[in-house]
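The values are calculated or read from the model by the stated rules, or taken from the named source; none is laboratory data. Quick caveat: nothing in here was measured; it's all calculated off a predicted structure. Methodologically, a virtual Cβ is constructed for each residue, glycine included, from the backbone with ideal geometry; neighbour enumeration extends over all protein chains shown.
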Amino acid sequence: MGNQITADIPANRFVNGGQSAITVGESNSASVSSALAFTILGPQPTIASVTPGSVNAGNAGNPLDVAVTGTNFDCSIAPGPTGGTAGTKLRFNGIDHDFKANPPCNSSSATFTIPSGEISTSGNISMFTFTPSPGGGQSFSSFSFTVNPGVGNPVPTITTLLPTSATAGGAAFTLTVNGTNFVSGAVVNFNGAPKTTTLVNATQITAAIAAPDVATAGQVNVTVTNPAPGGGTTTNQVFTIVSFALTQATSTTLQIASGTPASVLLNLTTTPANAALPADVNYTCAVPASLSGTTCALNPVKSAAGSMSGSTTLMITTTANIPPPPQRQNPWTPYLPWATATVLAGLTAIFFAERQKIAPLRGRVAYLTLVLLLIATAGLVGCMSLPPTLTQKGASSVTVTSASGGASKTTTVNINVN
């Protein structure tokens, strides 16, 4: 007889949390004591991280999803003893919250929804996970969650710019900024100056960039500023303004023997050094009107956008500056003045014949004579050959124009025709 008894319970009898009934009885007797409940606690959950770790007060009236990672989470969806589920809960500022069905809960992660009313006041809030009885109890460590004061605009971010560069001296254009957290009243700052801005949506905003803003080559910063309350300015995003120059490979005057083609190489460079061209550079050339008998051509006629350098060859063709070979004089040439005088005389005769009303036959003869004289005169003029157009000897120049993105530049190539 006694009032105490001990027993060894194998470990495999309390692998899972829950309650078991304990009774006492004699091995050779059918009588047993009344049952007593024995609670087996499951493993305690732990917290490793919480995302996000802070929020603006009120969260603009929206509920907040908090993702928690850790260990020993119970994802049971069975009804709990006091409502909700029997699985692991998040206790946020003393209020318990069940895990969400989506994204799915697992033993190391779960997501919980916090109503906006529970984050309406700024301050630090303790949060921890626990599994209701007969679960694993409360996590050993708690996390501090920060509610920022005031309901303010978020700080924006920039992910990309379109375009990322422009031609120095080019035309005005629209800059598209992609990012996050853009709000009404947000402003794009280009090289530190606010620009006329249009909000497309929370992830895209555009700005009008004027021609003077890209007049000088270099790199400038682009930012976006959200207005108060809250708000703020993004980190800098670099925008490149690219200038180009076409220069003669050799700076000496190009010597050309008349009648012989000549060429010269022109090289394209960019500023800043090795910057990619924002747009195609197109090449054209022009010969001054005073340089007769001369033509020019370029190959290639453009350098493509994206290139960091380029070149083109200017080809100049002249006409030989030598007198034409002697030609046998047309035998009818000496009679051209006489033929001309005869035509004039015939016209005069016809005029007076009409005035004096001469016989019809004599009038027809006069008309026929005039026609024959006109044909003969035209033949004599047609037989006369004009001298060829020759290229003048001496110094001159050819102009090469390179144009891109609304900007245009000229390069002068000095030549000397021998």
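Annotations for the structure displayed:
- Test: residue in the stretch 18-40 that is at pLDDT 80 or above and within 30 Å of Ile114 (Cα to Cα): no
- Any hit, the stretch 42-51, residues being surrounded by 10 or more Cβ atoms within 10 Å (Cβ to Cβ), at pLDDT below 70 and farther than 27 Å from Pro115 by Cβ: yes
- Selection from the stretch 277-308 of residues that are in contact (Cβ under 8 Å) with a residue 60 or more places away in the chain and over 18 Å from Lys409 (Cβ atoms): Val287, Pro288, Ser290, Leu291, Ser292, Gly293, Thr294
- Thr206 being touching a residue at least 24 places away in the same chain (Cβ under 8 Å), in the same structural domain as Thr164 (by TED's automatic domain parsing) and not hydrophobic (A, V, I, L, M, F, W, C): yes
- Residue-level check: of (1) modelled with pLDDT of 85 or more; (2) part of a loop (DSSP other than H, G, I, E, B), Ala67 misses just (2).
- Residue list for the stretch 88-107, restricted to those being touching a strand residue (DSSP E or B) at 6+ places or on another chain (Cβ under 6 Å) and either surrounded by 14 or more Cβ atoms within 10 Å (Cβ to Cβ) or at pLDDT below 70 (or both): Thr88, Lys89, Leu90, Arg91, Phe92, Asn93, Asp96, His97, Asp98, Phe99, Lys100, Cys105
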